[in-house]
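Everything on this sheet refers to the single structure shown next.
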Amino acid sequence: VCSTVLSMRKAHGLRVRQPLPGALVAQDGPLDLLEPHVDLIRDEVNVKSLTLTNAVGDHATFEVQVVPARLGPRLGGDTQKVIRAVKTGDWSIDGGRVLAGGFALEPGEYEQRLVPAGDGVCAALPGNVGVVILDTAITADLEREGLARDLIRLVQQARRDAGLAVSDRIRLVVRAERTWLDALSAHESMVLGETLALGVEAVEAATAEPAIEVRSA
């Protein structure tokens with residue numbers, strides 16, 4: 001699940017430090033392998049909520065695609081009948097076998113995939129065991145939190161550049177545009193806690209990227 005969501009983020013340009021409202025995981029079968037790890041998954045992919053459900057059909061559908069090169073040698077001219085049947089939805093699964101246009105298809109003669117339904121950012125899980133739907137509606141509050149997390153990264157880099165030890169307490173100066181400073185103000189306690197800063201001085205400045213100054217406390 002984490003790998004799938006992180007791939008979705010990358011594909012849609014959603015940096016991992018930017019919190020998102022939530023994700024839904026719909027999976028066939030028991031959810032007992034995922035339920036104990038909801039908090040871990042939520043933190044790893046940086047979403048505010050994670051919903052688990054067995055109702056895969058409410059969020060995705062299965063599609064079948066015929067492989068003519070594999071089916072043709074066995075069915076000959078009837079291959080086109082099967083292709084037409086699949087395209088028109090005249091197929092079903094019976095006892096684990098796919099039936100299309102009155103013909104039972106053998107393994108390798110078709111591909112079956114799970115297709116997420118509806119709009120939004122969504123993807124099938126590996127092996128088509130389920131689907132993930134990612135809510136990408138970024139509110140102003142979430143955007144500020146994302147910027148605050150970006151600030152933390154910049155401060156941590158400044159700490160390393162200054163040769164500070166991991167446990168060193170610091171005094172912090174942030175020079176940045178108002179948008180960044182608003183994010184810092186909204187999440188000051190998080191920034192101070194994550195960077196071991198005893199205090200922060202915020203200075204408004206017209207800079208493309210925040211300028212960070214760290215001093216050992």
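The values are calculated or read from the model by the stated rules, or taken from the named source; none is laboratory data. Remember, it's a predicted structure, so these values are computed and weren't measured experimentally. Cβ coordinates were reconstructed from backbone atoms using ideal geometry, including for glycine residues, and neighbour counts include every protein chain displayed. Keep in mind that these areas ignore ligands, DNA and RNA; they rest on the heavy atoms of the full protein, side chains included. Shrake-Rupley method; radii C 1.70, N 1.55, O 1.52, S 1.80 Å.
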Can you tell me the accessible area per residue over the chain, all protein chains present, probe 1.4 angstrom, in square angstrom? 55 Å²
If you take the charge dipole of the chain about its Cα centre, with +1 on Lys and Arg Cβ and -1 on Asp and Glu Cβ, which of ALA186, ALA100, GLY199 is farthest toward its positive end? ALA100
Set Lys and Arg Cβ to +1 and Asp and Glu Cβ to -1, take the dipole of the chain about its Cα centre, and tell me which of GLN80, LEU33, ASN46 lies farthest positive. GLN80
Taking the structure as given and computing Kirkwood radius over Cα pairs in Å, which label from (1) 19.7; (2) 17.5; (3) 21.1 fits? (3)
Karplus couplings for region 94-106 from phi (6.51 cos²θ - 1.76 cosθ + 1.60, θ = phi - 60°), rounded to Hz, Gly and Pro as x? 9, x, x, 10, 8, 10, 9, x, x, 10, 8, 8, 8
Answer in debye to the nearest 20: the dipole magnitude of region 2-123 about its Cα centre, from +1 Lys/Arg and -1 Asp/Glu charges placed on Cβ, is 540 debye
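With charges set only on the Cβ (+1 for Lys and Arg, -1 for Asp and Glu), what does the dipole of the chain come to about its Cα centre, in debye to the nearest 20?
Details: 23 positive and 30 negative charges, 115 e Å.
It comes to approximately 560 debye.
Where Rh is the Kirkwood radius over the Cα pairs of region 61-106, the temperature 4 °C and the viscosity 1.567 mPa s, what D in µm²/s does Stokes-Einstein return? Walk me through the intermediate numbers first.
Numbers: Rh = 10.6 Å.
For the chosen part, D equals 123 µm²/s.
Calculate, in nm to one decimal, what SER92 and ASN128 gain on full extension: separation in residues at 0.36 nm each, minus their alpha carbon distance.
Numbers: separation 36, 0.36 × 36 = 12.96 nm, distance 1.69 nm.
Here the segment from SER92 to ASN128 would lengthen by 11.3 nm.
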